[in-house]
Amino acid sequence: MATESNPHVFTDVTVDPFVRGLLHRPENPNGKGLVLTHGAGSNCKSPLLIAVAEAFAGAGFTVLRCDLPYRQNRSFGPPGPGDAKRDRAGLKNAAEALKKCLGASQIFLGGHSYGGRQASMLCAEEPELAAGLLLMSYPLHPPRKPEQLRTQHFFNLKTPALFVEGTRDAFGSIAEFEQALKLIPANTKLLTVEGAGHDLGFKGKATAKDLPGRVLAEFRAFFGG
């Protein structure tokens, strides 16, 4: 199983935006691929993405942890107002690379916060791109601004989605998520993480050691396989 100590560097410079990330190749591939990407202030080396990638690779998934285009262009800071469309194009290229270059027959998209939001927006635009979504700490609204909901595309989201949300996340309460998920025509599932904030218990070093296993179990139960 690929681990953080020896993931394979993966790049594809034949497309624009480029695909750049770290690839976990399982010992016993199940033919399924998962693209994972990061939140607004992070990158593909975040402890949460590493832990989730290792759990899924251990179960046979080929996992690509990738940097979004804005992060490829600058090593720190959040995305700018004009970055979202190109970031979605980068995610699409990563999904297609995982399918075409690596032989994955079924592709899932996942991400933390901003990365998950862009993945869900991409699937609302292109529903055939992925078999499902893994959305961790979806930023339902800015902290202390519940009126600014980021749900406009939910009405067009036809891709099944597993949401993983902490009960102390300032970007959206569990009650708010329960209402928001009713807007999505696709099947959805909400996995709550008691006491966790927006980082889901991962900050610096991983502290929520049981979370990746829980996410994997819920994912397999929800999507099958």
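What follows is calculated from the coordinates using simple rules that are stated; it is not laboratory data. Remember, predicted model here, so these are calculated numbers, not experimental data. Reconstructed Cβ throughout: ideal geometry from the backbone, glycine too, with neighbour counts over all protein chains shown.
Would you mind calculating the relative contact order of region 105-144 from Cα pairs under 8 angstrom and at least 6 residues apart, reporting the percent as a whole number? Show your work: numbers first, answer last.
Working: 51 pairs, mean separation 20.5, N = 40.
Dividing the mean separation by the residue count of region 105-144 yields 51 percent.
May I ask for the net charge around F223, where only other residues with Cβ less than 14 Å from the Cβ of F223 are counted and Lys, Arg are +1 while Asp, Glu are -1? If you can, show how the numbers build up before the last one.
Numbers: positive: K32, K189, R220; negative: E218.
Value of the local net charge: +2.
Ranking T188, T14, T151 by Cβ neighbours within 10 Å, fewest first, what do you get?
On the way: T188 21, T14 10, T151 18.
Ascending number of Cβ neighbours within 10 Å: T14, T151, T188.
For each of R71, R150, R214, count neighbouring Cβ atoms within 10 Å of the residue's Cβ, then give the residues from fewest to most.
Details: R71 25, R150 17, R214 14.
Starting with the residue having the fewest Cβ neighbours, the order is R214, R150, R71.
Which of rounded, prolate, oblate describes region 95-225, given a ≥ b ≥ c as roots of the alpha-carbon gyration tensor eigenvalues and a/c under 1.5 marking rounded, otherwise prolate only if a/b is larger than b/c? Present the calculation step by step, with values, prior to reporting the outcome.
Numbers: a/c = 1.76, a/b = 1.21, b/c = 1.45.
Oblate, since a/c reaches 1.5 and b/c is not below a/b.
Taking springs between alpha-carbon atoms closer than 10 angstrom, which of L190, L133, L48 fluctuates most in the Gaussian network model of the chain?
Largest GNM mean-square fluctuation: L190.
Which of G166, G41, G132 moves the most in a Gaussian network model of the chain with Cα springs under 10 Å?
Maximum fluctuation in the GNM of the chain, among the listed residues, is at G41.
Per residue of the chain, what 222 nm ellipticity follows from adding -39500 (n - 2.57) for every DSSP H run with n ≥ 4, rounded to the nearest 500? Walk me through the numbers before you get to the answer.
Values: 6 runs with 66 residues, N = 225.
Computed ellipticity for the chain at 222 nm equals -9000 deg cm²/dmol.
About the Cα centre of region 1-135, what is the dipole size in debye to 20, counting +1 per Lys and Arg Cβ and -1 per Asp and Glu Cβ, all else neutral?
Values: 14 positive and 12 negative charges, 32 e Å.
That gives region 1-135 a dipole magnitude of about 160 debye.
Rounded to the nearest 20 Debye, what is the dipole magnitude of the chain about its Cα centre when Lys and Arg each give +1 and Asp and Glu each give -1 at the C-beta?
Numbers: 26 positive and 21 negative charges, 44 e Å.
So the dipole magnitude of the chain works out to roughly 220 debye.
In this model, which of K145/K189; K45/K209; K92/K182 are farther than 21 Å apart at the alpha-carbon? Write down the numbers at each step before the final one.
On the way: K145/K189 24 Å; K45/K209 17 Å; K92/K182 26 Å.
Violating the 21 Å limit, Cα to Cα: K145/K189; K92/K182.
Would you mind counting up the charge near T192? Only other residues with Cβ under 13 Å from its Cβ, with Lys and Arg at +1 and Asp and Glu at -1.
Residues near T192 contribute -3 overall.
Normalised by the number of residues in region 8-223, what is the relative contact order in percent for Cα pairs under 8 Å and 6+ residues apart? Could the numbers behind the result be given before it?
Values: 464 pairs, mean separation 37.8, N = 216.
Averaging sequence separation for qualifying contacts and normalising by length gives 17 percent for region 8-223.
If we count other beta carbons within 10 Å of each Cβ, what is the order of C66, C44, fewest first? Can you show the working numbers first?
Details: C66 33, C44 21.
Neighbour counts put them in this order, fewest first: C44, C66.
Going by a ≥ b ≥ c, the root eigenvalues of the Cα gyration tensor, does the chain fall in the rounded group (a/c under 1.5), the prolate group (a/b larger than b/c) or the oblate group? Could you put the intermediate results ahead of the total?
On the way: a/c = 1.33, a/b = 1.23, b/c = 1.08.
Cα axes put the chain in the rounded bin.
Is region 155-225 rounded, prolate or oblate when judged by the Cα gyration tensor, a ≥ b ≥ c being the square roots of its eigenvalues, rounded requiring a/c under 1.5 and prolate requiring a/b larger than b/c?
Cα axes put region 155-225 in the oblate bin.
Once amide H atoms are placed 1.01 Å from N in the peptide plane, what residues at a sequence separation of 5 or more from Y138, or on another chain, have their amide H within under 5 Å of its amide H?
Correct list: S113, V164.
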